[in-house]
Amino acid sequence: MRKQNRFRLCGKSALLFFFALLTVIAAILLSYRLSSEIPVWGHKDPKEITWVDFSVPYELLEQTMELDIESYGSETHLNWIELLACLGAKYGGNFSLYKSSDLDALVEKLRSGEIAAHLMKGTNYDYYLEAYTAVLGGFLGEYQQQVIRDNGENKQELVWEKTYGLKAYSPIAAGYWYSDYDDFGAGRSYGYKRKHFGHDLMVSVGTPIIAVESGIVETLGWNQYGGWRIGIRSLDSKRYYYYTHLRKGTPYASGLYEGKAVSAGDLIGYSGQTGYSTKENVNNIRQPHLHFGIQLIFDEAKKDDPNEIWVDLYAITRLLSKHRSRLCYDESTKQLVRALKIKEPSNYSQTKETASGIVSPKTSSADEENTAAVPILMYHGLIKDPALQNRFMIDPALLESDLKYLKSQGYTAVVMSDLIAYVKDGKALPEKPIVLTFDDGFYNNYYYAWPLLQKYGMKGVISVVGALTDNTSQMGSEKDNPNYSYLTWLEIGEMQESGVIEIQNHSYNSHTNTKQRKGVKRNSGESKEDYRAYLKEDLGFMQERTELMTGKIPTTFTFPYGALNEDSTVYLKELGFQASLSCTEGINYLTGNSSDEDALFNLKRILRPPGQSSEDFFKENGIM
């Protein structure tokens with residue numbers, strides 16, 4: 001009896017051991033799969049991403065896009081891809097768990113100065129940021145578009161208008177019908193059984209097909225499965241746009257060829273029902289439609305791999321339907337052409353418009369004669385306590401690291417008077433100029449920044465809020481706390497006299513963000529006369545106050561919160577300002593001895609956040 005029980009016990013133990021072993025093996029395999037597909041926080045090797053499950057619902061795409069557009073140019077620009085990456089990391093990519101309260105809480109934290117990467121530390125945020133940037137990286141941006149305006153003589157004319165927003169287009173031209181449903185992953189059987197990794201838009205034969213994003217035509221010709229097709233690579237090489245089943249006989253727009261650069265919104269072809277045939281120019285598709293796909297390229301060597309990464313485009317196509325390209329009939333050529341063109345700077349290299357109107361990704365505007373690339377960095381406060389650091393408060397050690405890096409790369413810090421002298425009078429700039437700006441006038445700029453700038457032979461620009469400086473100047477020595485104090489006029493004068501610091505105008509008492517007014521932006525319904533009077537009272541008084549206390553009149557106005565509008569520059573000029581600084585990010589390209597009266601207004605700046613090494617920060621922003 002004992003032997004039998006012992007046998008049963010041994011058998012049970014062996015079974016338990018076997019299942020435990022299987023569990024360990026499964027855990028190892030799962031760990032390997034996760035580590036190979038989803039990098040841990042801080043890991044940035046894009047080759048590790050082998051699949052992207054993009055299931056963001058349309059409503060969330062639209063909401064985050066609107067938050068991005070509304071906040072663009074402000075000190076707290078809400079990048080929609082960062083918002084989506086934070087939520088993706090929170091839900092593990094399962095957006096059926098989405099709650100609007102989660103987005104609201106995230107937005108509130110980011111607006112208070114928190115950094116997305118810091119909030120999501122310990123999660124797979126980096127994976128989602130890399131993946132979602134690959135999907136949406138070319139959709140939003142700054143560009144110029146042609147608009148039709150009345151010239152005041154009962155005539156209409158085309159003028160260029162600068163804007164920021166959705167610059168990617170629907171693949172279907174404006175005014176043409178289509179219908180669709182979510183068909184991603186559906187079965188296909190022609191040739192072999194496979195999943196449908198694209199999105200079908202039901203259209204009539206001959207419907208004009210539009211380039212969704214600017215790029216280079218990479219593929220053109222016949223394919224057994226797709227019939228007549230077009231493949232276009234985005235300018236950052238991350239997205240491969242695939243359009244198939246084009247019209248029999250005349251599938252392509254005139255002049256299209258492999259290697260041609262196309263702009264977002266260009267006419268590229270016409271829908272049809274070709275395909276499912278080894279013989280060219282055959283209609284074997286039952287219902288005419290456009291097969292529209294986006295392939296993500298993380299590793300160029302794997303582009304033609306059978307397991308390539310395609311994106312579910314149902315929600316994205318709905319979003320793109322908000323921006324459709326208008327076409328018109330050209331009597332001279334008897335063909336359709338786009339009605340309104342765009343000019344677009346590349347997100348990946350600075351570009352200029354060629355004679356053909358196509359944006360060339362290989363030509364830098366910095367190559368133009370007498371044109372200088374001038375990055376302007378935006379700092380605020382410097383605080384050693386990590387608990388007090390955020391988007392606008394960084395460690396002084398990080399500033400010192402930045403100065404060391406810039407020095408090693410051959411950059412020379414200049415101030416606004418140098419830029420003004422260059423643009424207006426052609427006075428030479430250093431070979432690699434850079435402007436270091438500090439907003440708000442914190443005491444820690446005097447305590448930390450000024451000594452560091454002197455140590456590394458650099459200069460800086462401090463934009464002061466007059467009311468804060470006046471209030472602080474009336475306090476005693478108890479105000480000298482680098483964690484929260486502001487500058488006094490005495491400290492401002494001392495720094496200015498050193499020649500290291502240049503003082504500029506950040507308003508007298510308009511560094512506010514309330515229902516009454518955001519910064520110095522014109523209120524809705526406020527007349528131009530009232531707005532002009534308001535600016536004169538606040539900014540004009542600050543000009544007089546600064547001259548009285550320092551002996552010098554500021555030349556530049558720095559917009560609080562980056563809040564501005566179309567009338568701002570006109571009234572700044574009336575007040576005698578020669579330049580202004582915005583919160584829009586990017587590098588400025590300035591021409592010496594320029595006739596452009598607006599060249600120095602609304603200059604772009606790049607916010608310096610915490611949590612990123614100097615080398616990574618500068619390389620990411622093209623400062624090398």
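The values are calculated or read from the model by the stated rules, or taken from the named source; none is laboratory data. Bear in mind that the values here come from a model prediction, so they are computed numbers and not experimental data. When we count neighbours, we look across all protein chains shown, and the Cβ atoms used for this are built from the backbone with ideal geometry, even at glycine. Heavy atoms of the whole protein, side chains included, go into the accessibility calculation; ligands, DNA and RNA do not. Shrake-Rupley method; radii C 1.70, N 1.55, O 1.52, S 1.80 Å.
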Discussion item. If you count only protein heavy atoms with a 1.4 Å probe, what accessible area per residue comes out for region 202-288, rounded to a whole Å²?
Written reply: 36
Item to complete: May I ask you to list the lysines whose Cα is less than 18 Å away from that of LYS518, ignoring any residue fewer than eight positions away on the same chain?
Response: LYS528, LYS536
Worksheet entry | Reduced Cα scattering model of region 290-335, Debye log10 I(q)/I(0), q = 0.21, 0.24 Å⁻¹ | -0.81, -0.90
Response to the item:
Taking region 370-475, the lysine pairs whose C-alpha atoms sit under 25 Å apart (8 or more places apart or on different chains) add up to 16
Fill in: HN-Hα J in Hz across region 84-92 - Karplus 6.51, -1.76, 1.60, θ = phi - 60°, x for Gly and Pro
5, 5, 4, 5, x, 5, 5, 9, x
Worksheet entry | Charge sum, other residues only, whose C-beta stays under 10 Å from ALA173's C-beta, Lys/Arg counted +1 and Asp/Glu -1 | +3
Fill in: Sequence-distant residues sharing a close amide H with ILE309 (under 5 Å, placed H)
LEU296
Worksheet, complete the sentence: Note, region 138-144: 3J(HN,Hα) by Karplus (6.51, -1.76, 1.60, θ = phi - 60°), whole Hz, Gly/Pro = x, goes x, 7, 10, x, 8, 7, 10
Practice prompt. Mind jotting down the distance between the C-alpha centroids of region 549-596 and region 484-544, whole Å?
Written response: 12
Fill in: 11 Å beta-carbon shell around GLN273, net charge (K/R +1, D/E -1)
+3
Discussion item. Taking all protein chains in place and a 1.4 Å probe, what share, in percent, of the accessible surface of region 411-554 do carbon and sulfur account for?
Written reply: 48
Worksheet item: Per the 1.4 Å probe, what fraction of the accessible area of region 125-283, in percent, lies on carbon and sulfur atoms?
Response: 45
Response to the item:
The local net charge around ASN445, scoring Lys/Arg +1 and Asp/Glu -1 for residues other than ASN445 whose Cβ lies under 11 Å from its Cβ, equals -3
Response to the item:
Residues meeting the amide H criterion for ASP440 (H placed from the backbone, H to H distance under 5 Å, 5 or more places apart or on another chain) are SER463, VAL465
Worksheet entry | Förster radius 35 Å - calculated FRET efficiency between ARG318 and ASN151, Cβ distance, rounded to 0.05 | 0.45
Worksheet entry | Rounded Å value of the spacing that divides the Cα centres of region 106-139 and region 379-430 | 25
Discussion item. Angle check, please: helix 2-37 long axis (alpha carbons) against the longest principal axis of the chain (alpha carbons), in degrees 0 to 90, nearest 10.
Written reply: 60
Worksheet item: Each residue of region 401-417 in turn: what ³J(HN,Hα) in whole Hz from Karplus with 6.51, -1.76, 1.60 and θ = phi - 60°, glycine and Pro shown as x?
Response: 4, 4, 5, 4, 5, 4, 4, 5, 8, x, 7, 10, 7, 10, 10, 5, 4
Discussion item. Could you report the accessible area of GLU537 in Å², rounded to 10, computed with a 1.4 Å probe on the protein chains as they sit in the structure?
Written reply: 140
Worksheet, complete the sentence: Sorted by accessible surface (1.4 Å probe, heavy atoms of the protein chains only), largest first, THR514, THR64, THR584 come out as THR514, THR584, THR64
Discussion item. Taking 0.36 nm per residue of sequence separation and subtracting the Cα-Cα distance, how much length would be gained by fully extending the chain between SER96 and ARG532, in nm to one decimal?
Written reply: 152.0 nm
Discussion item. I want to check the label-to-label distance for ALA397 and SER332. Put each point 7 Å from Cα in the C-beta direction and report it in nm to one decimal.
Written reply: 6.5
Item to complete: Any chance you could list the semi-axes, whole Å, largest first, of the equivalent ellipsoid that the Cα gyration tensor gives for region 45-152, using √(5λ)?
Response: 27, 17, 14
Discussion item. Suppose all protein chains stay in the model; what accessible area per residue would a 1.4 Å probe give for region 375-510, in Å²?
Written reply: 38
Discussion item. If you take semi-axes √(5λ) of the Cα gyration tensor in Å from the coordinates, which of (i) 53, 30, 22; (ii) 49, 37, 21; (iii) 55, 38, 31 do you get?
Written reply: (ii)
Worksheet, complete the sentence: FRET efficiency for LYS121 and GLN409 from the Cβ-Cβ distance with R0 = 25 Å, rounded to 0.05, comes out at 0.30
Fill in: Given LYS155/LYS341; LYS155/LYS573; LYS90/LYS302; LYS260/LYS303; LYS521/LYS604, the pairs whose alpha carbons are separated by over 24 Å
LYS155/LYS573; LYS90/LYS302
Worksheet item: Just how far, in whole angstrom, is region 288-342 from region 200-278 if you go by their alpha carbon centroids?
Response: 8
Fill in: Cα-projected label distance for SER237 with ALA339, points at 7 Å along beta-carbon direction, nm
3.8
Worksheet entry | Largest to smallest accessible area among VAL500, VAL464 [probe 1.4 Å] | VAL500, VAL464
Worksheet item: Can you give the angle from 0 to 90° between the axis of helix 100-111 and the longest principal axis of the chain, with both taken from C-alpha atoms, to the nearest 10?
Response: 30
